[in-house]
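> Take this structure, written in structure tokens, and hold onto it; I'll ask about it next.
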Amino acid sequence: KQEVTQIPAALSVPEGENLVLNCSFTDSAIYNLQWFRQDPGKGLTSLLLIQSSQREQTSGRLNASLDKSSGRSTLYIAASQPGDSATYLCAVGGNQFYFGTGTSLTVIP
Amino acid sequence: DGGITQSPKYLFRKEGQNVTLSCEQNLNHDAMYWYRQDPGQGLRLIYYSQIVNDFQKGDIAEGYSVSREKKESFPLTVTSAQKNPTAFYLCASSIRGFAENNEQFFGPGTRLTVL
């Protein structure tokens with residue numbers, strides 16, 4: 001069974017800093033990998049979807065990379081802002097979607 | 001305004017009661033999913049449906065039931081057989097089932113509390 005791990009579980013950074021969130025998975029036979037943002041008590045908001053044949057995707061200040069062979073993905077956030085504070089989840093798509101437990105990000109003004 | 005709606009936002013259940021959570025989408029997606037989220041755990045798949053009138057059990061289907069009579073609707077019933085139903089329930093949809101280029105979209109969630 002696919003296992004998805006996100007480290008660290010929590011991260012606190014000062015405003016303006018660039019940061020990297022990590023996602024690792026155990027089975028490289030995936031269709032895609034999706035990054036989400038979740039605010040407290042809310043649903044998940046899709047940030048980026050990377051297909052298994054792609055190496056990276058970019059949207060604004062966000063850049064996600066995928067290395068299937070090593071079972072890793074990273075989400076890079078440039079010039080962090082207090083509004084980026086949320087929990088970030090990755091999900092790996094194969095015979096079903098498997099989710100990590102998330103990284104809780106706090107950006108300090 | 002396309003999207004996924006879930007109702008109610010908060011739901012309280014007494015021991016021994018069945019309750020039904022609503023999920024509706026107007027994205028014309030074929031596939032719909034129900035997840036459960038508990039503190040400190042990743043989302044866990046309860047049921048999914050890749051087409052109308054068909055659905056499959058996920059990892060934690062015991063104590064839950066679903067129906068998919070219409071493309072846009074996928075209600076979840078939490079039965080009295082579910083031993084620990086207090087959780088945050090999330091509904092999602094995607095254009096198709098588990099395949100390439102398949103982005104999932106989520107509703108706002110329903111928080112169920114057993115009294």
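> Go through region A:55-101 residue by residue and tally those that are within 14 Å of chain B (Cβ to nearest Cβ), within 15 Å of A:Cys23 (Cβ to Cβ) and of a type outside the set (A, V, I, L, M).
Number satisfying all stated conditions: 12.
> In this structure, is A:Ser104 buried (at least 16 other Cβ atoms within 10 Å of the Cβ), part of a strand (DSSP E or B) and within 14 Å of chain B (Cβ to nearest Cβ)?
It is true that A:Ser104 is buried (at least 16 other Cβ atoms within 10 Å of the Cβ), part of a strand (DSSP E or B) and within 14 Å of chain B (Cβ to nearest Cβ).
> Only one of A:Asn22, A:Asn18 is more than 19 Å from B:Gly42 (Cβ to Cβ) and surrounded by fewer than 19 Cβ atoms within 10 Å (Cβ to Cβ); which?
Residue meeting the stated conditions: A:Asn18.
> Could I ask something else about it? Considering only region A:27-51, how many residues are facing chain B (nearest Cβ under 7 Å) and within 11 Å of the chain's Cα centre (by Cα)?
3
> I've got another one for you. Quick check on my filter: what residues within region B:29-80 are surrounded by 15 or more Cβ atoms within 10 Å (Cβ to Cβ), aliphatic (A, V, I, L, M) and more than 19 Å from A:Tyr98 (Cβ to Cβ)?
If the condition is that a residue be surrounded by 15 or more Cβ atoms within 10 Å (Cβ to Cβ), aliphatic (A, V, I, L, M) and more than 19 Å from A:Tyr98 (Cβ to Cβ), then B:Val52, B:Val66, B:Leu76, B:Val78 are the ones that fit.
> Counting residues that are of a type outside the set (Lys, Arg) and touching a residue at least 40 places away in the same chain (Cβ under 8 Å), which strands (runs of 3 or more DSSP E) fully inside region A:1-95 reach at least 1?
Qualifying strands (runs of 3 or more DSSP E): A:4-7, A:10-14, A:19-25, A:32-38, A:44-51, A:72-77, A:86-93.
> Taking into account only those residues within region B:96-115 that are assigned to a strand (DSSP E or B) and surrounded by fewer than 17 Cβ atoms within 10 Å (Cβ to Cβ), which is farthest from the other protein chains (Cβ to nearest Cβ)?
Only one residue fits best here, namely B:Thr113.
> I'd like the full set of residues that are surrounded by fewer than 18 Cβ atoms within 10 Å (Cβ to Cβ) and either within 13 Å of the chain's Cα centre (by Cα) or not small (Gly, Ala, Ser) (or both), limited to region A:69-98.
Once the filter is applied, which keeps residues that are surrounded by fewer than 18 Cβ atoms within 10 Å (Cβ to Cβ) and either within 13 Å of the chain's Cα centre (by Cα) or not small (Gly, Ala, Ser) (or both), region A:69-98 yields A:Arg72, A:Thr74, A:Tyr76, A:Gln81, A:Pro82, A:Asn95, A:Gln96.
Taken together, the values in this text are just the output of simple stated rules run on the coordinates, not laboratory data. On a predicted model such as this, the values are computed, not experimentally measured, just so you know. A quick note on method: Cβ atoms are made from the backbone with ideal geometry, for glycine too, and the neighbour counts reach across all protein chains shown.
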